[in-house]
Amino acid sequence: MQFRDSKLETSGNIIGFFEREFYVFSNFSSFQVEWCGRTWQTSEHAYQASHFFETDPDLVEQIHKAKSAHDAYKIAKANKDKVPKNWEDIKIPIMEDIIRNKVEQNPYVLHKLLQTENKLIIEDSPYDDFWGWGENRTGRNELGKIWMKIREELYQQKTKDNYLSQSTNKERKILITGGAGFIGTNFIYYMLKKYPNYKIVNLDKLTYAGNLKNLESLQDNPNYTFIKGDICNEEDVKKAMKDCDWVVHFAAESHVDRSIMDPDTFIRTNILGTNVLLRIAKELGIKRFHHISTDEVFGELGADGKFHELMAYNPRSPYSSSKAASDHLVCAYFHTFGLPITISNCSNNYGPYQFPEKLIPLFATNLIEDKKIPLYGDGLNIRDWIHVDDHSSAVDLILHEGKIGETYCVGGDSEKTNLEITHLILNYFNKGEEMIERVPDRRGHDRRYAIDFSKIKNELGWEPKINFEDGIKETLKWYKENINWWKEIKSGEYLEYYEKQYINRK
Ligand code: NAD
Ligand code: DAU
């Protein structure tokens, strides 16, 4: 391929793909613009022609009425002699205007543009010498340069957010299952704050882990509705999913230790419940079904390597097996029935509102109560910690821009042993090593988790933003300042669980 620029860094195939993509975006799609005080639903050829024939309004009208972009182009071409004198100066700004419109109005185009990273963008139009390589492959390619200029602007995060919010500020109704739990609660706050035009319906059974107090401040928010119900119950699901555009499915039994005590509840909610949701989503024609899953489906790692999307599933606890089964069901509804799904497999979350059965809130609240902290085994198991807000931003991005049918691994780039976490929490509360109580190890305890999140980083531009050292301090502060929230939880059923799990531990 002699005509290709030697500076191109990638294989001809990838470049060929982008050439085709941008050629299509640049030429034949229709779009909406403001021009001469009117909104035009127009082809870009017609928009160009509007400027091209500023001197001849009748011709402009004729072009705008053309049945297709191609017809508009033909009229324009036949009247080339009527071009204004300054056409050479204004054609590039006009084309920039057109491309900006495309990026703003179409998240897919934005997404594709960011995917090109720092590669040259080439318009491979055989018809048009100026905008493309041209018939004789002279390669002047002004259009490619404009795409690259806009990409540069997008790399300034501020501009990108701006584009994203403009292209996603539609009205939408989203069903969130399990929204009264830890991650669901944080996600609801995140979404309501970011998208004033979105309505959220929260379907939650309010098991021991669900807490309506978390969402008390939303009582009068017209964009938020709570429905108490079970994802295994078809009627509850139909009621909650009615008129929704999207579903984000968090509801689950989520604690590994409880799954070792009582696997049945995990099978019921995580597998059967997910199946009910998928079936009703298919019946109601849901436009996006995002399934929240865990990195634990991949099993455990040795000293090296990281989990990634192409890894084989190898779950080892009743919890992770039930999540793995639910992931498979979600994929099956995509392949068999065409349900538009996406999945994320995330690592260990930390942050406010986490039930005090999990490592960080359990140790923090025990120390505030001056109780010992039960460390399993040798304390050298490793988890990859991510702040819950970073998890929310990943899910948000996948919902808006993720590719249907795809799985994305999400992680915090922050591997720590349990012993490191323990020392950090002890230091924060000014407590000593004597507060650690070594207890027998968890059965089947996975040794190490770590996430390679390069797919979501490269394809959608996501990465975690909250540094672990800052995030953990802010989280521990939250537990210190919200004693009423967890004191109420650490009574009743919780005490029975604690006794079984820790006092009578074998
Ligand atoms: P959580 O236990 O704090 O909350 C679960 C919520 O689901 C609760 O509000 C509970 O009432 C609700 N629920 C349970 N069974 C239900 C049913 N049958 N019908 C309706 N609602 C029901 O869990 P979490 O930590 O917020 O996790 C949420 C999701 O994220 C889960 O799917 C979990 O597997 C996944 N996940 C969690 C983590 C983590 O570190 N916590 C990491 C990766 C993935
Ligand atoms: O990796 C994602 C998963 O992270 C999620 O899918 C689960 O829903 C979530 O509960 C979490 O699972 P873990 O088992 O990793 O989290 P947990 O907080 O229970 O335990 C973290 C580590 O701390 C683990 O190695 C076990 C250890 N641990 C935990 C508790 C509760 C202790 O040493 N002592 C404890 O008392």
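If you put +1 on each Lys and Arg Cβ and -1 on each Asp and Glu Cβ, how big is the dipole of segment 236-378 around its Cα centre, in Debye rounded to 20? The partial results should precede the final answer.
Working: 15 positive and 18 negative charges, 114 e Å.
Its charge dipole is roughly 540 debye.
With +1 on each Lys and Arg Cβ and -1 on each Asp and Glu Cβ, and nothing else charged, work out how big the dipole of segment 168-503 is about its Cα centre, in Debye to the nearest 20. Intermediate results must be reported in sequence, preceding the final value.
Working: 42 positive and 50 negative charges, 148 e Å.
I would put it at about 700 debye.
When DSSP beta bridges are restricted to pairs lying wholly in segment 168-503, around 5% turn out antiparallel.
As a rough guide to protection, the peptides 360-367, 376-383 ranked by mean Cβ packing within 10 Å, highest first, stand as 360-367, 376-383.
For R100 and H423 in the same chain, what is the full-extension length gain: residue separation times 0.36 nm, less their Cα-Cα distance, in nm? Provide the component values of the computation, followed by the final result.
On the way: separation 323, 0.36 × 323 = 116.28 nm, distance 5.10 nm.
The span from R100 to H423 would gain 111.2 nm if fully extended.
Bridging of K112 to aspartates and glutamates at a Cα separation below 12 Å is possible for E19, E21, E401, E459, once same-chain residues fewer than 8 apart are set aside. The simple spin-label model puts a point 7 Å past each Cα toward its Cβ; for E406 and Y376 those points are separated by 3.3 nm.
If R0 equals 60 Å, the separation of the Cβ atoms of L206 and I92 corresponds to a calculated FRET efficiency of about 0.50.
Test of understanding: what is the full-extension gain from N467 to D245, defined as 0.36 nm times their sequence separation minus their Cα-Cα distance?
Details: separation 222, 0.36 × 222 = 79.92 nm, distance 3.37 nm.
Gain on stretching N467 to D245: 76.6 nm.
Neighbours of I466, meaning other residues whose beta-carbon lies under 9 angstrom from its beta-carbon, give a summed charge of -3 when Lys and Arg score +1 and Asp and Glu score -1.
Shown for I176, I227, I503: other C-beta atoms within 10 Å of each C-beta, ranked fewest to most, produce the order I503, I227, I176. Within the same chain, lysines fewer than 8 places from K85 are excluded, and of the rest, those with a Cα less than 29 Å from its Cα are K65, K67, K74, K77, K102, K145, K149.
Please list, ordered by chain and number, the residues whose modelled amide H lies under 5 Å from the amide H of W462; skip anything fewer than 5 residues away on the same chain. Sorted by chain and number, the residues that satisfy this are K457. Modelled spin-label separation between S217 and M261, with each label point placed 7 Å from Cα along the Cα-to-Cβ direction: 3.2 nm.
Annotation: extensible slack from N430 through H328 equals 32.2 nm (criterion: 0.36 nm per residue apart, minus Cα-Cα distance). Remark: segment 168-503 projects, on average over all directions, an area of 15.8 nm² (convex hull of Cα atoms). Residues whose amide H lies under 5 Å from that of N348, counting only those 5 or more places away or on a different chain, are D384, I386; hydrogens are built 1.01 Å from N in the peptide plane. Here K242 is the anchor, and the lysines within straight C-alpha reach of less than 20 Å, apart from those fewer than 8 places off in the same chain, are K170, K173, K199, K205, K228, K282, K287.
Computed from the coordinates by the stated procedures, all read-outs in this text should not be read as laboratory data. Since we're looking at a predicted model, the values are computed, not measured. Note that we place each Cβ from the backbone using ideal geometry, even for glycine, and neighbour counts take in every protein chain shown.
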